[in-house]
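The values are calculated or read from the model by the stated rules, or taken from the named source; none is laboratory data. What you are looking at is a predicted structure, and each value in this text was computed from that prediction instead of being measured. In this analysis, Cβ positions are derived from the backbone assuming ideal geometry, glycine residues included, and neighbour counts consider all displayed protein chains.
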Amino acid sequence: NGKEENVLTEAIYLLTFHLLKDEIHPNYVDHALSLLTYVREFDELTEISVNLPSLIVTALRRQNRLGEAYTFGKMALEFLEKTVGESHAATLSLQHNLATVLDARGQYAKVMKTMQELNKKDLKYSTTGEITKSLILHAKTLCELSKYEEALPLYQIILGERTLDSKIALDSEISTAWHDYALLLSDMGRHSEAMDILQDVLSQRKKVLSPDDQYGLSTKRSMASVLQAQGKYVQAMKQLQEVFHESTKVYGEYYPGTLQAERDIGTLLLHKGDHKKALKKLEKVEKKFQKIFAESHPDALCTRANIVGALIHLKEYDRALQIAEDVYEAYQKIFGEKHKEALQAKFNIGNIFLKQGKLEEAEHMLQDVYRGYHDIFGPEHHKTVEMKDTLDILAVRKKYFPERRILHAAAQKGDLNKIVSLIQNGENVNEADSEGRRPLHYAASNGHLKVAKYLLMMGAMYNAVDFRKATPYQLASDEHMKDLLILIHELFKGVKSGTLINIAGHTELINTKDKNGYSLLHWAVYHSHKSIVQQLLDAGADTKCISLKGNTPLHVASSKGKKEIAEILLQSVTGNELSDLVNFKTTGGGNTALHVAAENNDRDMLKCLLMHGAIYDIQNKDGR
């Protein structure tokens, strides 16, 4: 009836007034949604309400109610196309607004599709201003998709001969285009040009907008990003903290711009080397993003990618790899393979493999990244050059550090005869391969008990860790193998505590070492357990068994000033064996037990060693 129509007319004007003034209290938007439903019943009200859908979508987008904005916008678009047609300015405006909602949600592939459809309509129906607006969003989307070669000429067409002044600053679309163009230049390594443009954008915006304007804060955050790229971390941090505090004060802690600034602070901490603090900050931001965005949103993914970087620096490789693979898969689905963020995620995976010593896997990943950077940025870009250098270094490492050595392969297969032959011909029983694994790791993981016992008898380190921090026990594939390694652990425990009994029953394990290269005899000497030292010697312990630093048990006795223990060791061998032991040099500095005693001014130890044939003028590697 007429009365209802008058009420609706007044409501339309009132809501339009509030929405135009950016008075976007949630109730206004809800009332507008309800109002539009009623308006559909009155043909006469269609024309005056035709711009309301775009205003509602804009209001919802500013409130970060992106899902509601898109759902409502699609419904309203159908209504407008049926009532006023697809060529009507209000219909085209709503489509543009829906594209910006998709952009805010990080759905760039959908934005591209929408923009391609709009470009055809714009040429037919739109004004010059509307076409410019469409081109700006199209260029921004191309940048988001890392299609820089396509975006650059588009920006040059949009901006043309325009210069930044207060008049341009009033045109938010053109001003935003200058801002996005600057970010494109920065991504291409042209940081100084980018900074000059951003400073001009900020300067002109300050003349026409309030200091806490969201566009101004966004520009400051972008300037901080460029400063970081230039290595100016102190200036970048100051800028980011100002943006974060101002954005929190004006828009709240869950506003996307606030969270982006907080994340950038975490990323900057990472670049400065404060890895633990960076991880804590980034994990906090990730939880906040999860409350406002889906897991696949680019901001959420970017935060997780930076968490991966922190974990790599903290050597938490397993956790880093799991997150990195998830992030890469998500980026690949959204952007495709040739996108800077997808490539960065792939680089993180390759970097983790490299840290773990998985050279083949690392090389495969990093070659893909190099090709991607080459296609996106060109051969001269710093990212492309750095990746090429990394691959060159990796090639050298592979040449001199093969992924799997012969002894490791034999241990994996359980070929005991070959292992015996290799060790007798000088192969190191504790040599690590490119994954940080020793032959014992492979014997344990494949259940080759006889091979494991032989390796242990020859001095294998029973609890050495690989690059993933896994010991042979953790990789053991059966209970017999685990029982063997537990027994060794108990033997070491007994020696250290002085409670070792029945060593004679385990003579095949007498020369086993721990992860420091210390044998049972080393530890018995270290703790001055004379009776256990004697038991071990009687059972056949090797007096010239050396630690990772090249120290024999005699070096340990000399460093601890244990003369009686030293005499027990020296009396256990004769002839050439005695001469070899007393004059044995460490692998690092070439020091004998006599050097150690002299450095400690231990006269009793010096006399003991000299009496057993120590060469008094023997020189170490420094000629001393």
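Of the residues in the stretch 463-501, how many are under 32 Å from the mean Cα position of the chain (by Cα) and not small (Gly, Ala, Ser)? Number of matching residues: 11.
Out of curiosity, is LEU455 within 27 Å of ASN516 (Cβ to Cβ), crowded, with 17+ Cβ neighbours inside 10 Å, among the aliphatic types (A, V, I, L, M) and touching an Asp or Glu at 6+ places or on another chain (Cβ under 8 Å)? No, not satisfied.
For the stretch 41-61, a residue qualifies if it is of a type outside the set (A, V, I, L, M, F, W, C), surrounded by fewer than 16 Cβ atoms within 10 Å (Cβ to Cβ) and assigned to a helix (DSSP H, G or I), and the qualifying residues are ASP43, GLU44, THR46, GLU47. Of the residues making up the stretch 80-91, those that are assigned to a helix (DSSP H, G or I) and at pLDDT 80 or above are LEU80, GLU81, LYS82, ALA90, THR91. Looking only at residues of the stretch 194-223 that are part of a helix (DSSP H, G or I), modelled with pLDDT under 90 and of a type in the set (D, E, K, R), we find that the one that is nearest to ILE376 (Cα to Cα) is ASP200.
Going by the conditions given, is LEU422 modelled with pLDDT of 85 or more, under 30 Å from LYS513 (Cα atoms) and crowded, with 18+ Cβ neighbours inside 10 Å? Yes; evaluated as a whole, the condition is true for this residue. With respect to VAL226, is the statement that it is under 28 Å from the mean Cα position of the chain (by Cα), among the aliphatic types (A, V, I, L, M), outside any loop (DSSP other than H, G, I, E, B) and surrounded by fewer than 17 Cβ atoms within 10 Å (Cβ to Cβ) true? Taking the combined requirement at face value, the residue does not satisfy it. Taken as a whole, the condition of being of a type outside the set (Phe, Trp, Tyr) and either at positive phi or in contact with a Cys (Cβ under 6 Å, 6 or more places away or on another chain) (or both) does not apply to GLY589. Within the stretch 569-611, if we keep just the residues that are touching a residue at least 40 places away in the same chain (Cβ under 8 Å) and among the hydrophobic types (A, V, I, L, M, F, W, C), the residue that is surrounded by the most Cβ atoms within 10 Å (Cβ to Cβ) turns out to be ALA593.
Inspection of the stretch 485-500 identifies at least one residue that is out of contact with any strand residue (DSSP E or B) (no Cβ under 7 Å at 6 or more places or on another chain), surrounded by 20 or more Cβ atoms within 10 Å (Cβ to Cβ), within 22 Å of LYS413 (Cβ to Cβ) and not acidic (Asp, Glu).
Entry remark, the stretch 578-624: residues being assigned to a loop (DSSP other than H, G, I, E, B) and within 48 Å of the chain's Cα centre (by Cα) number 15 in total.
Contact map, the stretch 220-235: residues that are more than 14 Å from GLN199 (Cβ to Cβ) paired with residues that are surrounded by fewer than 16 Cβ atoms within 10 Å (Cβ to Cβ) and among the charged types (D, E, K, R), Cβ distance under 7 Å, separation 6+ or inter-chain. Pairs shown: TYR233/LYS272. Of everything in the stretch 540-568 that is more than 21 Å from THR507 (Cα to Cα) and among the polar types (S, T, N, Q), the residue that is surrounded by the fewest Cβ atoms within 10 Å (Cβ to Cβ) is SER559.
For the stretch 430-454, a residue qualifies if it is over 33 Å from the mean Cα position of the chain (by Cα), part of a helix (DSSP H, G or I) and not hydrophobic (A, V, I, L, M, F, W, C), and the qualifying residues are LYS450, LYS453, TYR454.
Yes or no, residue by residue, for (1) in contact (Cβ under 8 Å) with a residue 40 or more places away in the chain; (2) part of a loop (DSSP other than H, G, I, E, B); (3) of a type in the set (Phe, Trp, Tyr):
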residue: ALA409; (1), (2), (3): no, no, no
residue: ASN428; (1), (2), (3): no, yes, no
residue: ALA464; (1), (2), (3): yes, yes, no
residue: GLN474; (1), (2), (3): no, no, no
residue: ASP483; (1), (2), (3): no, no, no
residue: HIS489; (1), (2), (3): no, no, no
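If we scan the stretch 491-508, do we find a residue that is aliphatic (A, V, I, L, M), under 16 Å from ALA452 (Cβ atoms), assigned by the TED database to the domain that holds GLY459 and in a loop (DSSP other than H, G, I, E, B)? No, the stretch 491-508 contains no residue that is aliphatic (A, V, I, L, M), under 16 Å from ALA452 (Cβ atoms), assigned by the TED database to the domain that holds GLY459 and in a loop (DSSP other than H, G, I, E, B). The residue that is modelled with the lowest pLDDT, among those in the stretch 364-385 that are at negative phi and not in a helix (DSSP H, G or I), is HIS381. Candidates in the stretch 347-359 are the residues that are touching an Asp or Glu at 6+ places or on another chain (Cβ under 6 Å) and part of a helix (DSSP H, G or I); of these, the one that is surrounded by the most Cβ atoms within 10 Å (Cβ to Cβ) is PHE353. Listed residues ALA300, ALA261; which is crowded, with 23+ Cβ neighbours inside 10 Å and either among the basic types (Lys, Arg) or in contact (Cβ under 8 Å) with a residue 24 or more places away in the chain (or both)? None of the other options fit; the residue is ALA261. For LEU440, the criteria (1) without any contact (Cβ under 8 Å) to a residue 40 or more places away in the chain; (2) surrounded by fewer than 22 Cβ atoms within 10 Å (Cβ to Cβ) hold in every case but one, which is (2).
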